[in-house]
Every structure is written in structure tokens, then in C-alpha cells.
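Nothing in this text is a laboratory measurement; each read-out follows from the coordinates by a stated rule. Computed from a prediction, not measured in an experiment: that's the story for all the values here. Quick reminder, even Gly has a Cβ in these numbers, built from the backbone with ideal geometry, and neighbours come from all protein chains shown.
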Amino acid sequence: MTGESIHWAGMPDPRVIFHSDDWAAIPFSLIWTGFFVFCEAQAFGFWGAKPQRDGNLFMELWGIPFLVMGNYFVWGRFLQDAWLKRRPTTPSPIVVCWCCKKGGGGKPV
């Protein structure tokens, strides 16, 4: 079609696993997840000289979203990246805007 151009053709390099921002993201994700693993272990009573469960349901449930985020930080983003590289890309949508005139008709812009 007229006015269209190809900006990029091909596929991402499947060999690239690590990116430039991973030098900070990997240590942060390990520290984040490790911290909340120990917090959850404490909440469930697996930690300490005399392990016992104190029954604080709020603290037990509070750490679960942080553990889920930590797992995504550690390995989920690599799985998502691999999935996105293997799936076929869809063509770009063509957007047609219709402008309304006083007569009620419209024409594509």
C-alpha cells in the first residue's frame, strides 16, 4: 500500500539470553527473592531456635505476592523472553479514522 514502509524484517537473535540491564537485575532479583523467602519462612515458623507457627495469617499471606514477583524476576522474565521470541509476530494493525462532516458522511483520513 502507498505510504507504508518496512521498519524491520527478520527475527530476534535466539542465542541472546542476557541483556545489558541484567547486570543489575539479576543480583537484585536474587536478593529480593531471598529476603522474602526468609520472611515467609519466619511467618510460617520454619526459622529460629525453636520453630513454631504463631498463626499470623496476615503475615503469611502478605509475602505471597512478593514471592511471586521474585520468581518472575529470577526466572520468569527469561521464560517470557523465550516465549516471545518463538511465537510468530502479527502484522501491524491498519488504523483508519473516519471524520464526521456536517452532512453526516465521512471519509477516510
Separation of the Leu84 and Phe46 label points, Cα + 7 Å toward Cβ, nm: 3.2 nm
So if R0 is 30 Å, what FRET efficiency would Leu30 and Ser5 give, r being the distance between their Cβ atoms, rounded to the nearest 0.05? 0.10
For the pair Val74 and Phe18, how long in nm is the line joining their label points, each one 7 Å along Cα→Cβ? 1.8 nm
